[in-house]
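Encoded as structure tokens, the structure appears first; notes follow it.
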Amino acid sequence: MRIGELARTTGATARALRHYEQAGLISSERAPNSYRVYDERAVVRVRNIRYLLAAGLTLDDVRVFLPCLDGDLTTASPSDRGIRVALERLAVLDQRIAAQTAVRDRLQAALRQATSDRIRPVA
């Protein structure tokens, strides 16, 4: 199948598919007209890549799962390495959330201070 059909079937963009290919996560053959042609198995692989990305993993993280990208990731038992990568990504996300929460709290406090100076209760 050509890239447009794979994109429509999986919900990915053609640009994302080219990016996955450049990252070594999927592969294609070249037709005589130089169009990319993907094997039918690419559908499952792309859906699994999108599933892992939606779960918060990066493309580098997804590489750990290469041996099982052609199967059903949702029912497969995760490897120790896969669990380790997911736990590391979760720790990174937790740190980012904590940092953003701290920034939000500082902004909220500054706004409270700024607005309390302007708004005085009517006696």
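Less than 5 angstrom separates the built amide H of Ile26 from those of Glu21, all sequence-distant by 5 or more or on a different chain. Near Arg2, the amide H atoms lying under 5 Å from its own belong to Tyr38; only residues 5 or more places off or on other chains count, and H is placed 1.01 Å from N. Rounded to the nearest whole Hz, the Karplus-based 3J(HN,Hα) values (6.51 cos²θ - 1.76 cosθ + 1.60, θ = phi - 60°) of segment 53-69 follow the sequence 5, 5, 7, x, 7, 9, 4, 4, 4, 4, 4, 4, 8, 3, x, 10, 5, with x at glycine and proline.
Both the radius of gyration and Dmax for the chain are 22.4, 83 Å, in that order, over alpha-carbon atoms.
Read the figures in this text as sums done on the coordinates, not as results from a lab. None of these values were measured; they are calculated from a predicted model.
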